[in-house]
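The values are calculated or read from the model by the stated rules, or taken from the named source; none is laboratory data. Here the structure is a predicted model, which is why all the values come from computation and not from measurement. Backbone-built Cβ (ideal geometry, glycine too); neighbour counts: all protein chains shown. Heads up: the accessible areas ignore ligands, DNA and RNA and are worked out on the full protein's heavy atoms, side chains in. Shrake-Rupley method; radii C 1.70, N 1.55, O 1.52, S 1.80 Å.
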Amino acid sequence: MSRTLSISIFRHNPRDPASAPRMETHELAEAPGMTLFIALNRLRESVAPDLSFDFVCRAGVCGSCAMVINGRPGLACRTLTAALPERISLHPLPGFALIADLSVDTGTWMRELAERLETWVHLAAEPDLDLLEAPLSPGLAEEIHELDRCIECGCCIAACGTAQMRPGFVGAVGLNKIARFRLDPADSRDDADHYELIGNDQGIFGCMSLMGCEDLCPKELPLQAQLAWLRRGMARQGLRGIFDKKDKK
Amino acid sequence: MKVGHTDVLVIGGGLAGLRCAIGARRRGLEVRILSLVPAKRSHSVAAQGGMQASLGNTVRGAGDNEDLHFEDTVRGSDWGCDQLVARMFTHMAPKAVRELAAWGVPWNRVERGSAEAIINGQRVILTERDEAHGLITARDFGGTRKWRTCYTSDGTGHTMLYALGDRAVAESIPVDERCEAIALIHDGGRCQGAVVRDLVSGELSAWLASATVIATGGYGRIYGVSTNAIINEGIGAAIALETGVARLGNMEAVQFHPTAIVPAGILVTEGCRGDGGVLRDVDGHRFMPDYEPEKAELASRDVVSRRMAEHMRRGKGVKGDGPEHLWLDITGLGAAHIDRKLREVRDICHHFLGIDPAREWIPVRPTQHYSMGGIRTDHRGESPTLRGLFACGEAACWDLHGFNRLGGNSVAETVVAGMLVGEYVADHVRDEGSAIRLSPALARAFIAREQAALEAILARPAEEDAHAIRRAMEATMTEQVGLFRDEAGLATAVETLTGLLARAGRIGTRNKRRDANPELVLAWRLPKMLKLALVAAEGALARRESRGAHCREDYPARNDRDWLKRTLVSWQADGPHFEYEPIEVEAMELPPGFRGYGTRNIIEHPGTAARLGDTEAQRAALAGAGRDAVQAALLPFEALLPERYRGRNARLGEVGQ
Amino acid sequence: MPAPATHALPRVSHWPAMLDLAQSLSGLLLALFMWFHMCFVSAILLSEDAAWIVARFFEGYFVFGRALPWLVSVFVALISSLLAVHALLALRKFPADWAQYRAIAAHSDRTRHGDTLLWLVQVATGFAMFFLAPVHLYTMMTRPELIGPFESADRVWSGFYWPLYLILLFMVEIHGGVGLYRLALKWGWLPARNTRDGRRRLALAKWALTAFFLILGLASLGAYMKLGHSHAPLAGEPYVPSWLRAEPAR
């Protein structure tokens, strides 16, 4: 124990014309059980009072604190410094608008995604709340929950070469949501509707299976399996469209 | 200066704020949500174990209904709650769960047939009914007579928040993220909206609104170690307090959760114990049955937390590098159960402790968790003293929880209160909207006042260090306004906090940025947090009894004779002013009684016996009339509900009756 | 008033699905073709006669009783078209401008992520094949009769094609191996229920196959170079299988 950490932090305030992006390195005595949440707060309390970063739950469930830690996106709050080398570099998550330093605007990005992909249950009819709920198979409920566990941290976007190259790409976060609603019997949309949303190069056909999302998702969502499942479904839907058109003629 | 207009301004984007906004929006109103963070990052997301609703689908929940849920809630509150509100709540909870199910919350479901479970340390076989297959299941939680807590693994708050967050998008409700309400605009009698600071640009603006709803959650971060998110600094309650008109209720009622991990203070759900986990001491001994033979680990939270502290005082805690702690043992549940039903717990243990809870014990200790106190409202969620100001969820003292909240009742409250208050807010705007005169000039005056206050912080030299003051506040609250309280400690706390509040006025900032400046934010928020800390400590000092989570070692009895009342506080020029509001025994459906923990230590209210006789007489007179008729005679509430929510809740076995 | 004539416009295009399928299918066919191709080429390792038999087989010699080299030309033309289609479709995925190139390069550099790096390798090898493959294909299409043990050996050695083939061998095997691996991930054909296990096995299979075909290819190329070197003085002389040769004069 008793290492001295050397933490290099990306610093820049895009609203300040005098600010230029730079790396600022601080030394910090490591403490037992220290996470990046603790380390960054110590730096803010001592040497860097204006350092911007985002933590909310500090327990790895809210997705606020995603940043690039030694090159790879991850949740800072649950990253123990003990798991890192002495030299640590921290960058803001790429692919999102920079607010300042390590703080990025994932919220606006995710809201736009939700509007674009309509990531809510499309009800066939308003439920009658006095009646028993509609039954759902226990296994299917667990499968839906498995995909519903996404915390919109943005790591999959930062981990995805495609999303880094092509900012319009909906990424694993968007595709996983469609997979989630496709699985959910409460949602009245069918594959023709899904194809409209993601049957293009900004959607499922833009995915090049680089697997950054699968490998770096902090929640370990089964993204490869979901993306493949969607691709098969959407390819089938694309073919079906062509044959349907011929049938109509 | 930007001054905007909206029908309803909701401050806070967690479960309560979102559901309230959705309700008002569906009534055709223009609604805007302000949130410190993206709505889906709100602290609601951290609720793990579940939401109480008396569906009665699982075999261990069969026979459950609103009456049982009501009684558990009132007992849990140590008779400190508003029983009318508890009635409205327990009636609404099943509707809330079913609505969320329709909106996509993938509640875990009942699986027909037999499966093994662990109850009170014993392996038992439970056989679920065929007709319940696929309906929403429930797990056991503390202080309840039935398995009533609906859940999605241990990510319940997350799935609920995402369902509502996405529903708000579906309803096109704008959410101003990274915006903080820094003052309520009011004319002494009516709230007209809020001054808003953009936390990115630092600019001030104002929203004028016919109704303003505060749903900003609790104030746990006035404590040093808390399970709360770090944004739970109570600023919503503080700006209400600072109006001098609105009152906060029961601020001394602070809950400590038995099982937060050591040292990080991160919650591991009550579901761990509900699913069969046990607490062990330094010798590996399961000690809770020694104290509470009947409920053991599943006694009410306040009771378990106190018993744990008591046991540590007897030298049975585990002492190591960090704070003293006990063990939570869920190894008996098996890896398969933990992977499916307690995976967040597994992840938290893995990332923060480096252990596998399927094989190793989890170090835990009681930690600040929930704020029963908040902005005092009537059953409609409106402040009785500042019209047009509403509050719901943890930010409010709607008073569902009294002095101790049952596990699973908080997320349930957020959504239920959101559903109800959304309707009442819409009624308010419909009934009074045209008569409400919103004043842009007033809004500009408030903006100017706040701007001046912020400029003053930036202008002054940094005589005091904000972090040092904050740490002193946290330590004071933890040590002297914690699980056990007494006169001397509380008096010292009040003195210390008063001094800190004076010093907080001299906090400066080293950097003078107006935008995205964490130093400025802390310098501005800290005096507000100190005011909350001070009113909590003073309220605790004044309350010379022990009730629920408020445990005075020098006054161990629950004193219904003198203290069956709610603490109300307002902030005036000379500091906090306390008043008390009686909790009417004459109106109680369930008159004060013994909760069944430890030994009976109650100083009776003079009206208790009479009301007990009265309720029993009414029950006898209505024998055979059915539970609804009895209930309606004892505490009528149906007429107070919005019409759309008055229907009777269907249950298995009751269908068609 | 009569209703105006209307016709519904399609809501969405089916092309993205078609193009994606076509890219995957063309890649799959090309990769499988290359494996077979390598097996046939390696016939030289058995014997010169074996190589001659394989070459004549594809010219229909054993069906029609005589060699019809234009059959090979037609087949090569087909493969060339498939390659062109695949290249065209794959081009859509290449970094389209400097900014995109910088973004992916910086990303890969930063994350040091294996599968992302493999994709960049695929881009590089694919790009190289734009130039290298046509040289070989043009030769095969225009002079199909010059496929045979001596003919090929002379081309490799005396015609100084061996550097081209050496580079092309690595490009093809790496590109094809990675491509098939990615194809399996993309469409979800994993050899295990669990993605992690499936990928591990898949990656193992990929490297094993790539190594096998590289060794086979290097051995075959070496054999042709050796033969070409020894046959250099007689370069241009066609190969006659052992059973058709006139008895050597005693």
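Pairwise alpha-carbon distances in the protein assembly as shown exceed 61 Å for 21% of all pairs.
Accessible area ranking (1.4 Å probe, heavy atoms, ligands and nucleic acids excluded), largest first, for C:Phe212, B:Phe390, C:Phe130: C:Phe212, C:Phe130, B:Phe390.
The solvent-accessible area of C:Arg112, taken with every protein chain present and a 1.4 Å probe, is close to 150 Å². How would the range B:413-572 be classified by its alpha-carbon gyration tensor: rounded, prolate or oblate, with rounded meaning a/c under 1.5 and the a/b versus b/c comparison settling the rest? Since a/c reaches 1.5 but b/c is at least a/b, the shape of the range B:413-572 is classed as oblate.
Across the options B:Gly63, C:Leu137, B:Leu406, the greatest Cα extent toward the positive end of the charge dipole of the protein assembly as shown (unit charges at beta carbon of Lys, Arg, Asp, Glu) belongs to C:Leu137. Under a model in which nothing but the beta-carbon of Lys, Arg (+1) and Asp, Glu (-1) is charged, chain B shows a dipole of about 820 debye around its Cα centre. What FRET efficiency would be calculated for the residue pair C:Ala50, C:Arg245, taking the C-beta separation as r and a Förster radius of 22 Å, to the nearest 0.05? E(calc), rounded to 0.05, equals 0.90. Each residue was assigned an accessible area with a 1.4 Å probe, and for A:Ser46 the value is about 60 Å². Our coupling estimate for the range B:607-615, obtained by passing each phi through the Karplus curve with A = 6.51, B = -1.76, C = 1.60 and θ = phi - 60°, is x, 4, 4, 5, 5, 4, x, 4, 5 Hz, Gly and Pro reported as x. Scalar couplings 3J(HN,Hα) for the range B:538-543, obtained by applying the Karplus form with A = 6.51, B = -1.76, C = 1.60 to θ = phi - 60°, are 5, x, 5, 5, 6, 7 Hz; x denotes Gly and Pro.
Rounded to the nearest whole Hz, the Karplus-based 3J(HN,Hα) values (6.51 cos²θ - 1.76 cosθ + 1.60, θ = phi - 60°) of the range A:2-8 follow the sequence 6, 7, 9, 7, 10, 9, 9, with x at glycine and proline. Within chain C, the whole DSSP H helices whose Cα atoms reach 30 Å or more along their own axis and whose mean Kyte-Doolittle score is at least 1.6 are C:69-91. Counting only lysines at least 8 places from B:Lys146 when in the same chain, those with an alpha carbon closer than 16 Å to its own are B:Lys295. Annotation: amide H of B:Val10 within the under-5 Å range of B:Arg32, B:Ile33, B:Leu34, B:Val213, sequence separation 5 or more or interchain, hydrogens built in the peptide plane. For chain B, rounded, prolate or oblate, judged on the Cα gyration tensor with a ≥ b ≥ c (square roots of eigenvalues), a/c < 1.5 rounded, else prolate if a/b > b/c? In terms of gyration-tensor shape, rounded. Please enumerate, by chain and number, the aspartates and glutamates with C-alpha under 14 Å from the C-alpha of C:Lys93, excluding those fewer than 8 residues away in the same chain. Partners within reach: A:Asp201, C:Asp20.
Determine the alpha carbon to alpha carbon distance for each of B:Lys95/B:Lys341; A:Lys219/B:Lys95; B:Lys341/C:Lys206; B:Lys316/B:Lys341; A:Lys219/B:Lys40 and list only those over 27 Å. Please list the in-between numbers first.
Details: B:Lys95/B:Lys341 24 Å; A:Lys219/B:Lys95 31 Å; B:Lys341/C:Lys206 37 Å; B:Lys316/B:Lys341 30 Å; A:Lys219/B:Lys40 16 Å.
Long pairs (Cα-Cα over 27 Å): A:Lys219/B:Lys95; B:Lys341/C:Lys206; B:Lys316/B:Lys341.
Candidates C:Gly222, A:Leu36, C:Trp119 compared by Cα position along the dipole of the protein assembly as shown: farthest toward the positive end lies C:Gly222, with charges placed on Cβ.
Length gained on full extension, B:Ala468 to B:Ala632, computed as 0.36 nm times the residue gap minus the Cα-Cα distance: 53.6 nm. Computed from the C-beta positions of A:Asp130 and B:Ala610, the FRET efficiency with R₀ = 51 Å rounds to 0.90.
Run lengths n ≥ 4 of DSSP H only: what is the helix-derived mean residue ellipticity at 222 nm for chain B, with -39500 (n - 2.57) per run over all residues, to the nearest 500?
On the way: 18 runs with 225 residues, N = 657.
Calculated from helices alone, the mean residue ellipticity at 222 nm is -10500 deg cm²/dmol.
Here the dipole of the protein assembly as shown is about 2240 debye; that uses its Cα centre as origin and unit charges on the Cβ of Lys and Arg (positive) and Asp and Glu (negative). For the range B:387-442, the dipole from Cβ point charges (+1 on Lys and Arg, -1 on Asp and Glu) about the Cα centre works out to 160 debye, to the nearest 20. Placing a pseudo-label 7 Å from each Cα along the Cα-to-Cβ vector at A:Phe243 and C:Leu137 gives an inter-label distance of 3.1 nm. Note on the range C:34-48 and the range C:64-103: Cα centroid distance 22 Å, given to the nearest whole angstrom. Note on A:Phe96: accessible area approximately 20 square angstrom, rounded to 10, probe 1.4 Å, nucleic acids and ligands left out. Taking every alpha-carbon pair in the range C:23-237 and binning the separations at 10 Å intervals from zero gives 8, 29, 33, 19, 9, 2, 0 percent.
Around the amide H of B:Ile603, modelled in the peptide plane, lie the amide H atoms of B:Arg558, B:Asn559, B:Asp560, B:Arg561, all under 5 Å away and 5 or more residues distant in sequence or on another chain. Spatial offset of the range B:531-602 relative to the range A:108-144 amounts to 42 Å, using the alpha carbon center of each. If I model a spin label as a point 7 Å beyond the Cα along the Cα-Cβ vector, how far apart are those points for C:Lys226 and A:Arg236 in nm? The modelled label-to-label distance comes out at 5.3 nm.
Excluding same-chain neighbours fewer than eight residues apart, the aspartates and glutamates reachable from C:Lys226 by a Cα-Cα span under 18 Å are C:Glu48, C:Asp49, C:Glu151, C:Asp154, C:Glu237. By DSSP, the beta bridges lying fully in the protein assembly as shown are antiparallel in about 70 percent of cases.
Note on B:Tyr580 and B:Asp187: with the Förster distance fixed at 35 Å, the Cβ-Cβ geometry gives a FRET efficiency of about 0.80. Let me know the shape class of the range C:204-250, please: from the alpha-carbon gyration tensor, a ≥ b ≥ c as square roots of the eigenvalues, rounded when a/c is under 1.5, otherwise prolate if a/b is greater than b/c, or oblate. Since a/c reaches 1.5 and a/b is larger than b/c, the shape of the range C:204-250 is classed as prolate. How far is the Cα center of the range A:1-71 from the Cα center of the range B:336-374, in Å? If you average the Cα positions of each part, the centres end up 26 Å apart.
When the Cα positions of B:Gly274, C:Leu88, C:Leu185 are compared along the charge dipole of the protein assembly as shown, C:Leu88 comes out farthest toward the positive end, with charges on each C-beta of Lys, Arg, Asp and Glu.
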